[in-house]
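Scroll down for the structure; my scribbles are underneath it.
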Amino acid sequence: MGWKIPFRKIVVLMWMSILVVCLTHSCWAVESDAWKTLETQFTKIQYLSQDDLKHFHDSLNFGPGKWSAKRIIESQGSSGLESSLKNKVDAMYERVQDILDMRPKMAAVRIRVLPDKKYLTREYESIYKARCNVRSWYLYEANTIYINSQDIHEGILAHEMGHAISDHFLVIRPPRVSAEVWSMYVEAHLFDD
């Protein structure tokens, strides 16, 4: 009359359930509260590990420019990875604004630093329900730049910052092609004097 499931099957089923939970735990990290946040003047950098933050920092060879006395003073007093990264990212953001000659009033742009291509792909596919064929992207609705800490350089970040700034500058968002042209222009002129 009762349940007649052999003890062995119950144990196997329990172990399989535990295994599935353990294997999918790494997927939860991207969607969980495991994100740490580093706030700068213009951005909120979100990352999962200090290694990701270090990769991001080391990939950006950009610093406070001679066009900002405030940046020079701040950079001389900065020590440590986080302070240095804040200065790099804010200097780049200001440079992108200068190149575009656009300074919109907007909330801080979130930069989500994903650990690798696998995480980037998973995030893209969960948002767009499509195959990922990009190295990074900007999502207007979330005011978020998504990047891969293992595959980032100044041009990529400046390009995506260009999208964030141009999308918030006009009352109506510019057409996709126009925004792309402006972001390519930023990338091409990032290091011009």
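The values are calculated or read from the model by the stated rules, or taken from the named source; none is laboratory data. Predicted, not measured: the structure shown is a model, and the values here were computed from it. Cβ coordinates were reconstructed from backbone atoms using ideal geometry, including for glycine residues, and neighbour counts include every protein chain displayed.
Quick look at the values:
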quantity: Matching residues, the range 166-193, being surrounded by fewer than 20 Cβ atoms within 10 Å (Cβ to Cβ) and of a type in the set (S, T, N, Q); calculated: SER178
quantity: Test: residue in the range 76-97 that is modelled with pLDDT under 95 and of a type in the set (Phe, Trp, Tyr); calculated: no
quantity: Near pairs, Cβ below 6 angstrom, 6+ apart or cross-chain, from the range 95-119 (within 21 Å of HIS189 (Cβ to Cβ)) to any residue that is assigned to a loop (DSSP other than H, G, I, E, B); calculated: GLN97/ARG103; VAL109/ASN143
quantity: The range 117-165, subset in a loop (DSSP other than H, G, I, E, B) and basic (Lys, Arg), residue surrounded by the most Cβ atoms within 10 Å (Cβ to Cβ); calculated: ARG135
